[in-house]
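To keep things clear, I will list the structure first and then write my remarks on it.
The values are calculated or read from the model by the stated rules, or taken from the named source; none is laboratory data. Note that this is a predicted model, so its numbers are computed, not measured. Cβ coordinates were reconstructed from backbone atoms using ideal geometry, including for glycine residues, and neighbour counts include every protein chain displayed. Calculation scope for accessible area: heavy atoms of the full protein, side chains included, ligands and nucleic acids excluded. Shrake-Rupley method; radii C 1.70, N 1.55, O 1.52, S 1.80 Å.
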Amino acid sequence: MTDDPFTRRLAAQRSCQRLLSGRRLPTMRERLAALSSLDGLDDRPDFYGDGPVRQVEQRVATLLGKPDAVFFPTGTMAQQIALRHGAELTGRTAVALHPLAHLERWERQAYSQLTGLRGLWPTTAPRHFDAAEVAALDEPFGTLTVELPLRDAGYLLPSWPELVALAEAGRAAGARVHFDGARLWETTSHFGKGLDEIAALADSVYVSFYKTLGGISGAALAGDAELIGYARAWRHRHGGNLYQQWPAALAALDGLDRVLPRLPEQVRHAALVATALAELPGARITPETPHTQEFQLWLPHPAAALDQAALTLAEQEGLWFVHYWEDRAPGLAMAEVMIAGEALEWTAADVTRVGRRFLELVEPGAGGA
């Protein structure tokens, strides 16, 4: 048995017969085998952004109802360029965004460190800011950034009227509106709108190909012709105009074909799973009814004990439950739950039964009756 916790956890996941949260990580051979079944493999590969890379761009532009899109190796690069564009168009170096946003917490503040922009926070509360809070900002800003969903607050989404009002407030302030839509694919059920209707509220939209769609890597930035020309030039300057990206492009196309159509079903099933998990002793779900296929599960136990119980359950009983726990307060831990394809076979009774077994492994008697 390996001493490396990450390798051990992946080995345990691969051995499991059933997965509740997350996706099974394929080996490189399995990934190549899956790509080998796709159409068009006898065509030539891409060279600096044509071929399958261009196909992805056109597909995303159509889905989002935008004139065009640009493929990027990373979302961090795409977002820096979108915010830089807003600053240059408006002459304003401030960006309005949430302190829990991915731009702040998971990109090492690249927008400020590399581009020299400043962040303004309409609120520090763990929820989306609203139009009134945007209007109350006492400094001008070039771009209003809305993360859909707001991951670190529990994959939260505003209501449709709230989102419309946010976009209007941004434009009333003389700013561009940018959607950090890494997981925008998951939002259509909550809003009751198509991707193109949602994206129409923003001047620029970033989407990811691996976070929801299960791709290898890559992202796209969609918008008007002016943004697209600017993005291509700055992608080159950032070193993102790669010689070949066909594996990532093919995996993105595959995700759009296979995973995207199933997301509404997975979002619906997330509500069933969340309701069942809420029955566990001491459990709390954020949000109470998931807005997407992902949500937070909170339990009154130390993270280390929960992680060890989850690993034991996987290795000894072949059941992948909920992993990657984090201590958030003394005796209180949180983990993110993602309902993907393999979770669809779990009934509410399955979730409750395995959840109680999981808690028994954390602390004898903790599973309850």
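Among the residues of the stretch 35-49, which ones are part of a helix (DSSP H, G or I) and open to solvent by 50 Å² or more (accessible area, probe 1.4 Å)?
36
So, residue 80, is that one free of Cβ contacts under 8 Å to residues at least 12 places away in the same chain and over 29 Å from residue 311 (Cα atoms) or not?
In short, no.
Between 115, 124, 93, which is at pLDDT below 95 and either more than 27 Å from residue 336 (Cβ to Cβ) or surrounded by fewer than 20 Cβ atoms within 10 Å (Cβ to Cβ) (or both)?
Step by step, each of 115, 124, 93 is checked, and only 115 is at pLDDT below 95 and either more than 27 Å from residue 336 (Cβ to Cβ) or surrounded by fewer than 20 Cβ atoms within 10 Å (Cβ to Cβ) (or both).
Out of everything in the stretch 115-138 that is among the aliphatic types (A, V, I, L, M) and under 23 Å from the mean Cα position of the chain (by Cα), what residue ends up being farthest from residue 172 (Cα to Cα)?
It comes out as 125.
Based on this model, can you work out whether residue 110 counts as open to solvent by 30 Å² or more (accessible area, probe 1.4 Å), of a type in the set (Gly, Ala, Ser), touching a residue at least 24 places away in the same chain (Cβ under 8 Å) and out of contact with any strand residue (DSSP E or B) (no Cβ under 7 Å at 6 or more places or on another chain)?
no
Would you check if there is a residue in the stretch 296-313 being within 23 Å of the chain's Cα centre (by Cα) and more than 16 Å from residue 358 (Cβ to Cβ)?
yes
So is residue 207 in contact (Cβ under 8 Å) with a residue 40 or more places away in the chain, surrounded by fewer than 20 Cβ atoms within 10 Å (Cβ to Cβ) and of a type in the set (Val, Ile, Thr) or not?
So residue 207 fails the test.
Considering the stretch 232-280 alone, what residues qualify as being in contact with an Asp or Glu (Cβ under 8 Å, 6 or more places away or on another chain) and within 18 Å of residue 58 (Cα to Cα)?
Across the stretch 232-280, the qualifying residues are 244, 245, 246, 249.
Considering the stretch 153-189 alone, what residues qualify as being within 22 Å of residue 252 (Cα to Cα) and open to solvent by 10 Å² or more (accessible area, probe 1.4 Å)?
Of everything in the stretch 153-189, those that are within 22 Å of residue 252 (Cα to Cα) and open to solvent by 10 Å² or more (accessible area, probe 1.4 Å) turn out to be 183, 188, 189.
Provide a single number: the residues in the stretch 88-112 that are of a type in the set (A, V, I, L, M), assigned to a loop (DSSP other than H, G, I, E, B) and in contact with a Ser or Thr (Cβ under 8 Å, 6 or more places away or on another chain).
So the answer is 2.
Among residues belonging to the stretch 143-179 that are in contact with a Ser or Thr (Cβ under 6 Å, 6 or more places away or on another chain) and not in a loop (DSSP other than H, G, I, E, B), point out the one that is farthest from residue 211 (Cα to Cα).
The qualifying residue farthest from residue 211 (Cα to Cα) is 176.
How many residues does the stretch 127-152 hold that are aliphatic (A, V, I, L, M) and either touching a residue at least 60 places away in the same chain (Cβ under 8 Å) or open to solvent by 60 Å² or more (accessible area, probe 1.4 Å) (or both)?
3
Pairs only if they're at least six apart or on different chains, beta carbon under 9 angstrom, first in the stretch 156-174 and in contact (Cβ under 8 Å) with a residue 12 or more places away in the chain, second hydroxyl-bearing (Ser, Thr, Tyr) and surrounded by fewer than 22 Cβ atoms within 10 Å (Cβ to Cβ); list them, first residue then second.
156/286; 174/90
Can you name the residue in the stretch 50-68 that is in a helix (DSSP H, G or I) and open to solvent by 10 Å² or more (accessible area, probe 1.4 Å) and is also farthest from residue 201 (Cα to Cα) among such residues?
Among those that are in a helix (DSSP H, G or I) and open to solvent by 10 Å² or more (accessible area, probe 1.4 Å), it is 52.
Taking the stated definitions as given, is residue 71 modelled with pLDDT of 95 or more, crowded, with 24+ Cβ neighbours inside 10 Å, part of a loop (DSSP other than H, G, I, E, B) and not acidic (Asp, Glu)?
Criteria not met by residue 71.
Go through the stretch 269-294 and give me each residue that's in a strand (DSSP E or B), in contact with a Leu (Cβ under 9 Å, 6 or more places away or on another chain) and open to solvent by less than 30 Å² (accessible area, probe 1.4 Å).
The answer is 285, and nothing else.
Determine which single condition residue 192 fails, assuming it passes every other condition in (1) of a type in the set (Gly, Ala, Ser); (2) in contact with a Lys or Arg (Cβ under 6 Å, 6 or more places away or on another chain); (3) open to solvent by 10 Å² or more (accessible area, probe 1.4 Å).
So residue 192 meets the others, but not (2).
Inside the stretch 1-34, can you point out the residues that are open to solvent by less than 90 Å² (accessible area, probe 1.4 Å), among the aliphatic types (A, V, I, L, M) and outside any loop (DSSP other than H, G, I, E, B)?
10, 11, 12, 19, 33, 34
Considering the stretch 265-305 alone, what residues qualify as being among the β-branched types (Val, Ile, Thr) and within 15 Å of residue 187 (Cβ to Cβ)?
Result: 267, 289, 292.
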